[in-house]
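S.K.: Below you will find the structure I want to go over with you.
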Amino acid sequence: MSKVLSTIIVDDEALARKGLAIRLQAHDDINVIAQCGNGREAIEAIRAYQPDLIFLDIQMPGLDGFEVVQSIIEQGLSMPMVVFVTAYDQYALKAFDVHAFDYLLKPVDDERLSQAIDKIREKIQSEENLLHKEQLVKLVSDVTGNDCEEILQDLAANKLTNYSNYSDVLAIKDAGEVSRVPVKEIIWIDAAGDYMCVHTSANTHILRKTMKELEETLDPQLFIRSHRSTIVNKHYVDKFCSQLNGEYYLVLKNGKELKVSRSYKDRVKQAVTA
């Protein structure tokens, strides 16, 4: 774990505080920033330092350890991870009822202390991984337009997802309406003057955009430029053919034939045979 945890030790016995601080020196990612001799000092230190972790004695004069936790909650302070440290094991159940991270018995054993810190490291790493995952999913969703929940479901199912910065929907305006055409349903696109004809199995949509502009919005892993005026979805290509006169053409799965210009021949052949 790369993160260094700011840590406070709270115990009414000076010797106990000193002994725990010495043991914690063996852990480079634990930084003891304050030691407190009672509950009220602990609350003030938590307000001032907002520590990541606190080792908290239970039996103390004034406020005991449980009352310290309750006061943190009531005052709306940032709650650190709490590891209770006490000479009495009868408090264990109550400690976990208040969501303590761990419970150590005095005198604190080095091995048991190391186990508690290892658990803390695992928790921090898990939280960092979750945060990174959420940020990544949000970024992918913002860039691609894909739904966050769908992305998370794919990840949970271990699906091999290949999200890119190409949208999965093409918005086409026509007569005051906007049609959202799923990109995967586009079979081919050809130019008709200043317009693009976007062909699907159900309809042909008319889009006012240049071929270059349209090509930049489509995933090159899915769409092939076969002619200066034609783009084809390679998933709908059935055959790549040549004629005796040296010309080439594509046969689509619906039987449509599209000419392949010589300048695009090699890349089209490579794309459909890959």
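Derivation of every value follows stated rules applied to the coordinates shown; laboratory data play no part. Keep in mind that this is a model prediction, so the values were computed, not measured. All Cβ positions, glycine included, derive from the backbone under ideal geometry; neighbour counts span all protein chains shown.
S.K.: If I model a spin label at Gln25 and Ser201 as a point 7 Å from the Cα along the Cα→Cβ vector, what separation in nanometres do I get?
M.R.: 7.4 nm
S.K.: Follow-up question, since we're still on this one. How many angstrom separate the Cα center of region 189-212 from the Cα center of region 1-71?
M.R.: What the calculation gives is 68 Å, centre to centre.
S.K.: Measuring from label point to label point, each 7 Å out along Cα→Cβ, what is the Asn129 to Ser229 span in nm?
M.R.: Going from the Asn129 label point to the Ser229 one covers 5.6 nm.
S.K.: Sticking with this one: Stretch Arg180-Asp168 to full length: gain in nm at 0.36 nm per residue minus the Cα-Cα span? Working shown, then result.
M.R.: Working: separation 12, 0.36 × 12 = 4.32 nm, distance 0.97 nm.
Here the answer is 3.4 nm.
S.K.: Suppose each label sits 7 Å from its Cα in the direction of the beta carbon; what would the Ile73-Ser242 distance come out to in nanometres?
M.R.: Reported label-point gap for Ile73 and Ser242 is 7.8 nm.
S.K.: Let me ask something else about it. How would region 192-273 be classified by its alpha-carbon gyration tensor: rounded, prolate or oblate, with rounded meaning a/c under 1.5 and the a/b versus b/c comparison settling the rest?
M.R.: Here region 192-273 falls in the prolate category.
S.K.: For region 5-130, what relative contact order do you get, as a whole percent, if you take Cα pairs closer than 8 Å and at least 6 residues apart?
M.R.: 21 percent
S.K.: Mind scanning Lys234/Lys269; Lys3/Lys123; Lys209/Lys239; Lys184/Lys256 and naming the pairs with a C-alpha gap bigger than 21 Å?
M.R.: Lys209/Lys239
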